[in-house]
Amino acid sequence: MKPNNTPNSVFYALIICILTGISAFNSHAQTAKIITINTDNSIAKVQPNMWGVFFEDINFGADGGVYAELLKNRSFEFAKPLMGWTVQRPKANEGELLVVNRKEENTTNPRYIQVNTEKGNFGLSNEGFKGIGVKKGLRYDFSVMYRQKAPGIKLRLQLISSDNKIIGEGSLAPETSGNEWKKQSASFTAKETDAKAKFTILFDGKGQIDLDMISLFPGDTWKNRPQGLRADMVKMLADMKPGFIRFPGGCIVEGTDLANRYQWKKTIGPIENRQLIMNRWNVEFAHRPAPDYYQSFGLGFFEYFQLAEDIGSDALPILNCGMACQFNTGEVAALDELDPYVQDALDLIEFANGDTNTKWGKMRADLGHPKPFNLKMMGIGNENWGPQYLERLAIFTKSIKAKYPDFKLINSSGTDPEGDRFNLLNTSLRNSKADLIDEHYYRPADWFLKNAGRYDDYPRDGSKVFVGEYAVHADRNVIGSNRNNWQSALAAASLMTGLERNADVVQMASYAPLFAHIDAWQWAPDMIWVDNLNTYGTPDYYVQKLFSTNKGTDVIAAKLDGKNITGQDGLYASAVTDKISKEIIIKISNTTDKAQNIDFNLAGKRSLKTKGFVDELSSSNLNQLNSFENPDAISPKRNPIIIKNKKLALTLKPYSFSVIKIPFTK
């Protein structure tokens, strides 16, 4: 059938369009919700470090992740000494390769390999961490510690592609011989890109050589530091402008038992002297076995402090309180043997802040940082609970406060945000006037939505809250990176408006965990996913980034019908002013499947500019994900807005989170 284009039909179509427009206008006028923002009165100060990040070496986040070492088991200290290595001769001669243990001579790094060859053409290949990521045109830096007793062997270095082609090649001729260990380096450039390459050392000539700390790093580390951090991963953090970095965990602080706990003094100094241990996530999950997961501590406490300084964040170290993980062994140090644990805490403050004439301040200076790190706080214990925690915490607190009365201590409230364990700790810690109480929650989306007003009725005086770990956990049938969907991020954003609104109670918060390797994860969801060459931020990453880069300086009231906005009609909101950038910043989420018209009444004496903008995250699909193929599927889209007579009319898309920025002159 042909369309009817007669004048009458056009006229009636025009009338229908006009009436439809009027109807839509009336609909807005009738259904728009009025949110009042009091732009004048500060109701709470926002801490400069309120929004931070939490790093734990889980999901191969350090070794195989942000620590840029490309070779697995470089010092042969894994339970299986040659794990990660393959001999490159079908039938090696007897004694041609030996794993030697010098435990009495070197307890921190006892093993090395001895190569004895008369024919040459013998080699070793390293598989890397789920392969080795290689970039075309990039320099690769090889180093090794060696002791050449019988000169004559030269090392040929090769990067081998996943289809067995040589894509990078160099060589190293040992310069000295004798009984002393030497370190020597060589560099070469890759000719192709491959995410799953391997690295091979071929031994040419006749002789005997001992090798240890066999290492390969990309030439593009963060700030070009030798044997440093993976630059693209650090940049993702730097772009967030986090107020703090909480490290090194997490459960690895506790360890499966006390012998497996994190000991910061063993993670500083020359890397060959840092004693490798099994990562507790090696054995934690039967459904995600990780027998090759160890901690080399190439990323140690000095590097953590340095990283925090690099990206303008406060350092927040967490120390073991004399308790192992209570879900594993529950082992505790006897109270009369707790002194070394307490001394570690006191020494760490001196290491970070002490003058160079102190023992640990001098150690920091000797590592290349004479200027203090200005450490302000630390956590005592991770997710510990029960009376056994409280009595150990009291000993730490007394000793630290006696020497550093203004130093802030973060105390654990256990693993859950409610229940008997939480109630015992929360009550006891408030009675003892704890500086900050660390609350953790991993809960479904509906829990986050229902708890957006959690802190509205918390006491305004006394102990403050640090939300040290939180994430929305989707259906358990959803695994891996698929757990980081838009529904989870939107629910987290909604709860975070409640954290921001109560900034006088909740002074700091950090999502958890931070990094996960797509081929080697144990825990999900996670904020940033990586493979051997690439990174992408999840929807949660962009939510966290929008909060941390728009934190403001002062909380101001945002009300709907005179009440805090904690889920009425699916809306959640908070507002701040930024007295430095001179902006009013409103954060609002629409968790319904319908668009919502909002009229913002910007009440107060401030002189507002007429133009601002809104950054919006949205998707009609709550299961929408970001991915390596589509990293920006959920990412901020910026649009201009007009403010007229201190009013702003805005339509919120279904399932959306928006950050509205309105400049003011005074």
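The values are calculated or read from the model by the stated rules, or taken from the named source; none is laboratory data. Since the structure is predicted, the reported quantities are computational estimates derived from the model, not experimental observations. Here the Cβ positions follow ideal geometry from the backbone for every residue, glycine too, while neighbour counts run over all protein chains shown.
Brief remarks on what is shown
- The residues listed here are ARG102, ARG111, ARG139; of these, the one that is of a type outside the set (Phe, Trp, Tyr), farther than 30 Å from ARG230 by Cα and surrounded by 13 or more Cβ atoms within 10 Å (Cβ to Cβ) is ARG102.
- Within segment 318-361, restricting attention to residues that are outside any loop (DSSP other than H, G, I, E, B) and of a type in the set (D, E, K, R), the residue that is farthest from ASP438 (Cα to Cα) is LYS359.
- Residue list for segment 522-565, filter: among the basic types (Lys, Arg) and in a strand (DSSP E or B): LYS559, LYS563
- Residue count, segment 400-418 (criterion: touching a residue at least 12 places away in the same chain (Cβ under 8 Å) and not in a loop (DSSP other than H, G, I, E, B)): 7
- Within segment 193-233, the set of residues being outside any strand (DSSP E or B) and touching a Gly at 6+ places or on another chain (Cβ under 8 Å) comprises GLY205, LYS206, TRP222, GLN227, MET233.
- Note on segment 175-201: residues that are at pLDDT below 95 and crowded, with 18+ Cβ neighbours inside 10 Å total 0.
- Qualifying positions in segment 584-615 - acidic (Asp, Glu) and surrounded by fewer than 19 Cβ atoms within 10 Å (Cβ to Cβ): ASP593, ASP599
- For segment 269-284, the tally of residues that are under 21 Å from the mean Cα position of the chain (by Cα), surrounded by fewer than 21 Cβ atoms within 10 Å (Cβ to Cβ) and in contact (Cβ under 8 Å) with a residue 24 or more places away in the chain stands at 2.
- Scope segment 472-491; condition outside any loop (DSSP other than H, G, I, E, B) and surrounded by fewer than 24 Cβ atoms within 10 Å (Cβ to Cβ); matching residues: GLY480, SER481, ASN482, ARG483, GLN487
- Every residue from segment 509-520 that is in contact with a Lys or Arg (Cβ under 8 Å, 6 or more places away or on another chain) and crowded, with 24+ Cβ neighbours inside 10 Å: SER510
- Sole residue being under 21 Å from PHE76 (Cβ atoms), assigned to a helix (DSSP H, G or I), out of contact with any strand residue (DSSP E or B) (no Cβ under 8 Å at 6 or more places or on another chain) and modelled with pLDDT of 95 or more, chosen from ALA259, ALA290, ALA238: ALA259
- Residue, nearest to the chain's Cα centre (by Cα), within segment 67-91, restricted to residues that are surrounded by 13 or more Cβ atoms within 10 Å (Cβ to Cβ) and modelled with pLDDT under 95: VAL87
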